[in-house]
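Worksheet: the structure to be examined is printed underneath.
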Amino acid sequence: MTVMREALICTACSVMLLAGWGCKDKNEGDEDTATDSAVDETTDTATDTDTDTAMDPVDDPAMDDAGSDDPGEQEPTYDINGVLETVDGIDVLRVWGTREEMGYAEGALLCDRITHVFEKYALDYAVVNSGVSYEVVQAFAAGFFSMPADHERQLRAMILGMQERCAPEDLIVTSDHLEAAAGGSRPVTYEDLFVAHVLPDYLCTSLTVWGDASSTGDTIHARNLDFLLDPDGVFLDEHMVKVYRSAEEGYATWASVSVPALIGCISCFSSEGVGFTMHNVGGLSDSTPTGNVPRTLAMRDALVATVGEVDRVAAADAVFDAAAQEMGNNLHMSMPCDGTGSCVGAAVFEYDGHTGHADGFSTVRLPGDVVDGLTSPSTFVVANHYMKRDTPPTSGNSYDRFQAHVVGINAQMSGDGTVSVDDALAMLKTTSDLNGGSPTVHAVIMDVSTMTLYVHVAVFAGATLTEAPYTTAHVLDLAATFAAFD
């Protein structure tokens with residue numbers, strides 16, 4: 001078993017599936033609740049382009065025949081609590097309700113896009129480049145990870161939404177890289193979505209400024225997601241923003257820069273202005289061997305846990321301390337902070353599955369906790385190495401990118417005295433140029449003062465790739481997006 005686990009852990013280091021979106025330095029190791037009646041509609045948007053909705057099912061008693069074997073004669077299980085639209089050139093999926101209702105809506109509205117991402121990106125690209133078979137990847141997921149029950153309900157409902165609302169061919173995965181028993185073709189399954197939430201391998205850097213260090217007077221959170229791309233650019237083409245209002249999570253409302261099928265967080269921001277972005281770290285030894293929670297889902301749970309809390313850091317930390325990880329993480333949290341009182345605008349959770357650490361699974365690093373070279377107490381930088389949970393490095397690609405942000409922020413503070421959204425983008429360009437590995441596939445900047453989200457996605461033009469910070473931003477007014485639920 002030890003040898004098998006070591007082999008599978010190596011697989012986890014090389015397979016780039018659809019989940020953790022964390023960014024790893026290549027040089028370093030219950031009952032349903034009622035849906036909010038205020039949002040029980042399928043079209044309520046002020047957006048002016050490309051809205052894709054579905055009609056509610058007809059209330060036909062003849063469709064209630066439980067003995068019928070023809071899905072076409074069955075009344076759909078759920079209404080479609082969702083809207084798919086295009087906002088400033090990027091797809092925005094907005095869903096609401098219970099876990100099942102949100103999952104079902106995503107499946108019903110995205111249909112073959114879910115299958116397309118799994119087949120062409122996860123299976124035919126990521127699994128192939130891992131050097132092992134899909135059977136081995138499946139064994140890793142089943143053996144070492146546990147899907148929390150609430151998230152499982154949402155993913156199973158996603159498959160159900162596809163089965164009941166999409167053309168049958170939309171569910172079919174056709175690939176020579178499926179498990180042998182599939183014979184080259186079969187419908188996408190819940191188990192495929194489970195695997196897609198497990199295995200990550202990424203680079204990244206991010207920064208936060210707030211208060212008197214911010215040109216807006218409030219928090220600005222900027223991040224690069226660096227990632228290996230499939231040659232056909234499927235991962236780029238399928239980028240979207242997902243917006244949730246969850247009836248089972250206190251009507252928490254948040255936006256996630258993501259791809260079809262992924263229900264966790266890569267780069268997420270709540271209606272309260274709290275943000276989370278994910279970065280890989282080598283982590284510590286003595287990781288919990290089984291029962292690890294997919295980390296995009298742990299980060300989603302932590303974001304939701306902060307809603308309505310005074311001590312948001314403690315609320316998030318409690319989630320992480322209860323959910324072990326197979327690998328190391330720097331989970332960068334930002335919060336609204338105008339510089340008054342004792343507020344801080346950022347923290348990072350240095351987080352893994354190490355069972356013997358005095359801090360538990362999560363070590364909280366706050367501004368000023370370590371010597372990081374930043375001259376302003378209202379600034380924060382995160383890359384792909386621990387600064388507090390373990391001895392930080394003094395060289396390497398992650399170190400270089402971290403220092404580049406420190407130098408950039410310090411120079412800006414000694415010049416203009418503040419960092420603006422444009423300044424943050426310039427710094428993201430610098431670290432994108434330095435990442436030494438995977439290209440920057442998306443760059444995200446959140447301006448809490450106006451609740452504006454800037455999403456840059458890399459672009460293929462023929463064989464030429466323009467990395468994300470160098471592309472034109474899709475600009476989303478999150479305040480208006482969130483208000484559309486009301």
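The values are calculated or read from the model by the stated rules, or taken from the named source; none is laboratory data. All of these numbers come straight from a predicted model, not from anything done at the bench. Here the Cβ is made from the backbone with ideal geometry for all residues, glycine too, and neighbour counts use every protein chain on show. Ligands, DNA and RNA are excluded from the accessible area calculation, which covers all protein heavy atoms including side chains. Shrake-Rupley method; radii C 1.70, N 1.55, O 1.52, S 1.80 Å.
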In the calculated pair distance distribution of segment 141-223, what percentage of Cα-Cα distances lie above 19 Å?
-> 61 percent
In 10 Å bins starting at 0, how do the alpha-carbon pair distances of segment 340-486 split up by percent?
-> 10, 31, 36, 20, 4, 0
List, largest first, the extents of the alpha carbons of segment 301-354 along their principal axes, each in whole Å.
-> 38, 19, 13
Work out the charge dipole of segment 130-268 with +1 on the Cβ of Lys and Arg and -1 on the Cβ of Asp and Glu about the Cα centre, then indicate which of 187, 133, 219 is farthest towards its positive end.
-> 219
Average projection area in nm² (convex hull over Cα atoms of segment 366-444, one quarter of hull surface) | 5.5 nm²
Please name whichever of 392, 415, 376 sits farthest to the positive end of the charge dipole of segment 335-427, dipole taken about the Cα centre and charges placed at Cβ: Lys and Arg +1, Asp and Glu -1.
-> 392
Using a Förster distance of 60 Å, the FRET efficiency for residue 135-residue 340 (Cβ separation, nearest 0.05) = 0.60
Residue 176 versus residue 450, label points 7 Å from Cα toward the beta carbon: distance in nm?
-> 5.1 nm
Can you find, among 307, 290, 322, the residue farthest towards the positive end of the dipole of segment 204-330? Put +1 on the C-beta of Lys and Arg, -1 on that of Asp and Glu.
-> 307
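Restrict the search to segment 309-380; then list the GluC sites (Glu not before Pro) that DSSP places in a loop and that have at most 14 other Cβ atoms within 10 Å of their Cβ.
Of the GluC sites (Glu not before Pro), the ones in loops of segment 309-380 whose Cβ has at most 14 other Cβ atoms within 10 Å are 309.
Cα convex hull of segment 240-333: mean projected area in nm², to one decimal?
If I average the Cα hull's projected area over directions, I get 6.3 nm².
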Of the listed peptides 250-262, 404-416, what is their order by residue-averaged count of other C-beta atoms within 10 Å, with the highest listed first?
-> 250-262, 404-416
Give the accessible area for residue 194 in Å² (nearest 10); use a 1.4 Å probe, count only protein heavy atoms, and leave out ligands, DNA and RNA.
-> 30 Å²
Ratio to report: Rg/Rh of segment 104-165, with Cα atoms as the point set and Rh obtained by the Kirkwood method; give two decimals.
-> 1.04
Where does the Debye-calculated log10 I(q)/I(0) of segment 120-270 sit at q = 0.14, 0.15, 0.21 Å⁻¹, using only Cα point scatterers of equal weight, no solvent?
-> -0.85, -0.96, -1.62
